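Report on the structure given below.
The values are calculated or read from the model by the stated rules, or taken from the named source; none is laboratory data. It should be emphasised that the depicted structure is a prediction, and the values quoted were computed from it without experimental measurement. Methodologically, a virtual Cβ is constructed for each residue, glycine included, from the backbone with ideal geometry; neighbour enumeration extends over all protein chains shown.
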Amino acid sequence: MSVTIPLFHAHPGLNATLPYVALGELPTPIERLECLGQVLDGGRLYVKRDDLSGVAYGGNKVRKLEFLLGRALAEGRKAVLTFGCAGSNHALATAIYARKAGLDAISILLPQPNAHTVRRNLLAGFQAGAELYHYLDGKRAGLGTLHQLRRRRLSDGRYPCVIAPGGSSPLGALGFVNAAFELKAQIDAGEMPEPEVIYAASGTMGTVVGLCLGLDAAGLRTRVIAVRVTTPPYTSMEKARRLFEETLAMLQQADPDFPSMTFPEQRFCLRDEFLGERYALYTDASVRAKKQAQDTERLTLEGTYTGKAMACLLSDAASGALRDKTVLFWNTYNSRPFNPAIEALDYHALPEDFHHYFEEDVQPLDR
Ligand SMILES: *Cc1c(COP(=O)(O)O)cnc(C)c1O
């Protein structure tokens, strides 16, 4: 049976050459936010519910994993190895969907400011059966990675498939090229008018760059507001241009009929003001935005990514910049309930390097 996703439907030549495995519940719904939308002063606010992108776990990583795990399976790998910070949604999503696909999952994790979501993701990753390793810095993580790769090569006869941090390789970004084609189909079906702007958090940039490329390829004029939640090299204009070009090159290699294009500078805007002090450290504005979204729409955000993206949207609305505009907020954070079994887990079952996340207090704005 041939899978038809919106990207392959528009460019059938890609279907034969690109790896893909269906994991998600797509398309994700679009909903109008009438109440919160009043801040737009005559504009219309919608949300793209990628929080519901998968049954086992939602959020933006599922779309990337459809291509990334598709490749791991096509290559006959036995395991995948990926990177993140301790509370990484990406490492967790990879663990959950890799295990479902019959692959082992190895997570190489780095320190981050403590939060309730860090504890929950660690327990959920462990529950999903991932091997979790904590390293104190990039150098140690690099050595640890080599060690794990060699170990698995000896035991499995194969290296694990390495997945980039955040899943933001050109292949992973295809998940959001496809998402833009999915949005185009929903606009054509009358689910919402063509938005003038999309707001999304920018961590490793696969989401915002994939969208930017896909919107252009699908003939939409929508601008992408990429709200920085990390420092360079994870998020930067240079990274955006490079990832755009590499993703486009991959598409054109897979299907020479895929159109040529240049990075649309005027339709991509990187916003720096909402990061705060550092990655995963909440800001007053992100905590307020999270509360406002919860109180007005029962829209559940968090402080590391979506709270900062919503803070940017609300700030632009307050300045009058979104008056009479059609705005789409891309909800990248999982809202599926966690496996109740994690409630009963004792954190002592985790490797000792993780225990301090459970023994030390969470950051002040998360208390
Ligand atoms: C990973 C993540 C992002 C950032 O996506 P990138 O493609 O890495 O920029 C945004 N929101 C949430 C909830 C995430 O987990």
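Quick look at the numbers
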{"item": "Residues that are part of a loop (DSSP other than H, G, I, E, B), touching a residue at least 40 places away in the same chain (Cβ under 8 Å) and out of contact with any Phe, Trp or Tyr (no Cβ under 9 Å at 6 or more places or on another chain), drawn from region 281-307", "result": "281, 282"}
{"item": "Any hit, region 312-323, residues being within 15 Å of the ligand (Cβ to nearest atom) and at pLDDT 95 or above", "result": "yes"}
{"item": "2 or more residues within 26 Å of residue 338 (Cβ to Cβ), out of contact with any Cys (no Cβ under 8 Å at 6 or more places or on another chain) and modelled with pLDDT of 95 or more: qualifying helices (runs of 4 or more DSSP H) within region 1-76", "result": "61-74"}
{"item": "Residue match in region 243-251 (condition: surrounded by fewer than 21 Cβ atoms within 10 Å (Cβ to Cβ), outside any loop (DSSP other than H, G, I, E, B) and either of a type in the set (Asp, Glu) or near the ligand (Cβ under 10 Å from one of its atoms) (or both))", "result": "yes"}
{"item": "Number of the condition not met by residue 338 [criteria: (1) touching a residue at least 60 places away in the same chain (Cβ under 8 Å); (2) outside any loop (DSSP other than H, G, I, E, B)]", "result": "(2)"}
{"item": "In region 24-42, the residues that are within 19 Å of residue 186 (Cβ to Cβ) and of a type outside the set (Val, Ile, Thr)", "result": "24, 25, 26, 27, 29, 31, 32, 33, 34, 37"}
{"item": "Selection count, region 54-67, where residues are within 12 Å of the ligand (Cβ to nearest atom) and closer than 14 Å to residue 172 by Cβ", "result": "7"}
{"item": "Evaluation of residue 321 against (1) surrounded by fewer than 17 Cβ atoms within 10 Å (Cβ to Cβ); (2) aliphatic (A, V, I, L, M); (3) touching a residue at least 24 places away in the same chain (Cβ under 8 Å) (one fails), failing number", "result": "(3)"}
{"item": "Any hit, region 185-196, residues being hydrophobic (A, V, I, L, M, F, W, C) and in contact with a Ser or Thr (Cβ under 6 Å, 6 or more places away or on another chain)", "result": "no"}
{"item": "Number of the condition not met by residue 215 [criteria: (1) more than 20 Å from residue 91 (Cα to Cα); (2) near the ligand (Cβ under 10 Å from one of its atoms); (3) of a type outside the set (Phe, Trp, Tyr); (4) in contact with a Ser or Thr (Cβ under 6 Å, 6 or more places away or on another chain)]", "result": "(2)"}
{"item": "Count of region 147-158 residues which are free of Cβ contacts under 8 Å to residues at least 24 places away in the same chain and either surrounded by 13 or more Cβ atoms within 10 Å (Cβ to Cβ) or of a type in the set (Lys, Arg) (or both)", "result": "3"}
{"item": "Of all residues in region 277-311 being among the hydrophobic types (A, V, I, L, M, F, W, C) and under 15 Å from the mean Cα position of the chain (by Cα), the one that is farthest from the ligand (Cβ to nearest atom)", "result": "280"}
{"item": "Any hit, region 146-168, residues being within 23 Å of residue 305 (Cα to Cα), of a type outside the set (Phe, Trp, Tyr), part of a loop (DSSP other than H, G, I, E, B) and modelled with pLDDT of 95 or more", "result": "yes"}
{"item": "Restricting region 268-296 to residues that are among the charged types (D, E, K, R) and more than 27 Å from residue 221 (Cβ to Cβ), the residue that is surrounded by the most Cβ atoms within 10 Å (Cβ to Cβ)", "result": "290"}
